[in-house]
1. Looking only at the stretch 203-248, count every residue that is touching an Asp or Glu at 6+ places or on another chain (Cβ under 8 Å), within 19 Å of PRO43 (Cβ to Cβ) and assigned to a strand (DSSP E or B) and tell me the total.
2. Could you list, in sequence order, the residues of the stretch 89-118 that are open to solvent by less than 10 Å² (accessible area, probe 1.4 Å), modelled with pLDDT under 95 and either touching a Phe, Trp or Tyr at 6+ places or on another chain (Cβ under 9 Å) or small (Gly, Ala, Ser) (or both)?
3. Got a sec? Which of ALA103, ALA77, ALA85 is closer than 14 Å to SER147 by Cβ and not charged (D, E, K, R)?
4. Name every residue in the stretch 184-227 that is out of contact with any helix residue (DSSP H, G or I) (no Cβ under 7 Å at 6 or more places or on another chain), open to solvent by less than 70 Å² (accessible area, probe 1.4 Å) and at positive phi, in order of residue number.
5. Can you tell me which residues in the stretch 59-116 are assigned to a helix (DSSP H, G or I) and polar (S, T, N, Q)?
6. Within the set of pairs 6 or more residues apart or between chains, which connect a residue that is within 17 Å of VAL203 (Cβ to Cβ) and of a type in the set (Asp, Glu) inside the stretch 3-30 to a residue that is outside any loop (DSSP other than H, G, I, E, B) and at pLDDT 95 or above with Cβ atoms less than 7 Å apart?
7. Which one of these is hydroxyl-bearing (Ser, Thr, Tyr), crowded, with 18+ Cβ neighbours inside 10 Å and free of Cβ contacts under 8 Å to residues at least 40 places away in the same chain: THR124, THR153?
8. Kindly provide the set of residues from the stretch 229-244 that are over 24 Å from GLY167 (Cα atoms) and either open to solvent by less than 30 Å² (accessible area, probe 1.4 Å) or touching a residue at least 60 places away in the same chain (Cβ under 8 Å) (or both), ordered by number.
Amino acid sequence: RRALAQKEFVLHYQPLVNLETGLIIGVEALIRWLHPELGVIMPDRFIHVAEETGLINPIGDWVLCEACRQAQAWCDAGLPPITMAVNVAPVQFRQAGFVEVVAGALATSGLDANCLELELTERTVMHDADINLGTLSALHRMGVDLSLDDFGTGYSSLAYLKRFPVGKLKIDRSFVADLETDPDDWAIASTIVSMGRSLRMTVLAEGVERLALLRKMGCDMAQGYHFSRPTSAEGMADMLRDQPFMNR
């Protein structure tokens, strides 16, 4: 509660890279807590507490507004438009008026809806899938892009996947880390890529450290330490300006 009131949260950004061109075509916003005594606290240490106490909604709403503001600030500074990807917690997604919160963040920042991508896990989307379809459709009509995060770790229904207005699948890092040594991970990852392409979706691999096999299987995008750790807004602006991964 104090961190929210005293503005101790900050966003870092990790590039989303097109594997064919090396162009940074998006970033993912990732929250950090700059604690005055403990230093930087990573989200895996405090997000579950925020969910249990009900603070995830105001924190998530702040992340959404700040990410939109930053994306528009980069555009105003003359940097090329990119996709700003924001994670949405299950409780946040199911709160009454979530669509209005998204619309408000876009209106306040001036960011075009096509530049915002909301990342939802399979579990979030498939819980009360028929009810969630209405929210997803409303966001899609606004022009907001939708992606399924950690794909392959939940309980995906292909019947619903066909109906949902989702444009991107993110292969979970657990299937990416051992691609070169685990034939089962290779089979799962390549199947997700093939399925995504058949459904006319973009496929992005998370936690990437080696690219050759992902390129070979036709994966569209990647993010991970191979390119960059999450960095500050200033560091990300330099990357967007320099495009250091082009033609590699």
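1. Total meeting the criteria: 0.
2. GLN92
3. ALA85
4. Matches in the stretch 184-227: GLY224 only.
5. GLN70, GLN72, GLN92, THR108, SER109, ASN114
6. Within 7 Å, the pairs are GLU28/TYR13; GLU28/GLN14; GLU28/LEU16; GLU28/ALA85.
7. On inspection, the qualifying residue turns out to be THR124.
8. Result: ARG229, THR231, SER232, ALA233, GLY235, MET236, ALA237, MET239, ARG241, GLN243.
The values are calculated or read from the model by the stated rules, or taken from the named source; none is laboratory data. Computed from a predicted structure; not experimentally measured. FYI the Cβ positions are ideal-geometry reconstructions off the backbone, even for glycines, and counts take in every protein chain you see. Remember, those area values only see protein heavy atoms, side chains included, never the ligands or the DNA or RNA. Shrake-Rupley method; radii C 1.70, N 1.55, O 1.52, S 1.80 Å.
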